[in-house]
Amino acid sequence: TKRAALCEAILRCARVGIGIASVEEIDRLNILWATMLAMTRAVAALDLSPAYVLVDGNRCPDWPHASEPVIGGDALCLSIAAASIVAKHRRDCIMAELDALHPGYGWASNKGYAARTHQEALRTLGPTPHHHPPPTHHHAIVVA
């Protein structure tokens, strides 16, 4: 896909750290704090300490890094746009893996969103260990 090709190109020329928050962490912390945790993990996964971090959104985690939130950052900043491509590609890969493990839910095509076909699969096949009430699937993936 075009996104996969762009991701490969970005990975060849940028340092990337990926942080993921689990479904259990999202349930325990809520989506905002789980996202902050994923951002912290992404920066920690880098092979360097960044001098400055741009965050796509309206707030930054409580961390020791100089940083700035940028609302709509993926449309305004090339590095945030690149991080968004890498994050979405990683999400696509996770969804393809889940689709192979649990066929019938359409994860490879619906990317974890509660599409009509996915909701129907939940009714007919039941939830997997990757589902939680309500029937949605969240991954907080942040690339730094």
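The values are calculated or read from the model by the stated rules, or taken from the named source; none is laboratory data. No experiment lies behind these values; they were computed from the predicted model shown. Using ideal geometry, Cβ is built from the backbone for each residue, glycine included, and neighbour counts are taken over all protein chains shown. For the accessible areas, the whole protein counts, side chains as well, though only heavy atoms, and no ligand, DNA or RNA atoms are used. Shrake-Rupley method; radii C 1.70, N 1.55, O 1.52, S 1.80 Å.
Looking at the range 116-135, which of the residues that are open to solvent by less than 40 Å² (accessible area, probe 1.4 Å), under 27 Å from residue 37 (Cβ atoms) and outside any helix (DSSP H, G or I) is modelled with the highest pLDDT? Only one residue tops the list, namely 128.
Pairs linking a residue in the range 79-91 that is over 21 Å from residue 110 (Cβ atoms) to a residue that is assigned to a helix (DSSP H, G or I), with Cβ atoms under 6 Å and 6 or more positions apart or on different chains, are 80/73; 80/74; 81/74; 82/10. Set side by side, the residues 100, 81 differ, and just one is over 15 Å from the mean Cα position of the chain (by Cα) and not in a loop (DSSP other than H, G, I, E, B), which is 100. Selection of first residues in the range 2-23 that are part of a helix (DSSP H, G or I) and of second residues that are of a type in the set (Asp, Glu), restricted to Cβ pairs under 8 Å at least 6 apart or on distinct chains, gives the following pairs, ordered by first then second residue: 3/92; 4/92.
When residues in the range 21-37 are screened for being modelled with pLDDT under 95, of a type in the set (A, V, I, L, M) and touching a strand residue (DSSP E or B) at 6+ places or on another chain (Cβ under 6 Å), 3 of them pass. Assess whether residue 15 counts as being over 14 Å from the mean Cα position of the chain (by Cα) and either crowded, with 16+ Cβ neighbours inside 10 Å or more than 30 Å from residue 131 (Cβ to Cβ) (or both). Yes: the conditions hold for residue 15. Taken over the range 31-78, the criterion of being among the small types (Gly, Ala, Ser), in a helix (DSSP H, G or I) and in contact with an Asp or Glu (Cβ under 9 Å, 6 or more places away or on another chain) is satisfied by 34, 38, 73.
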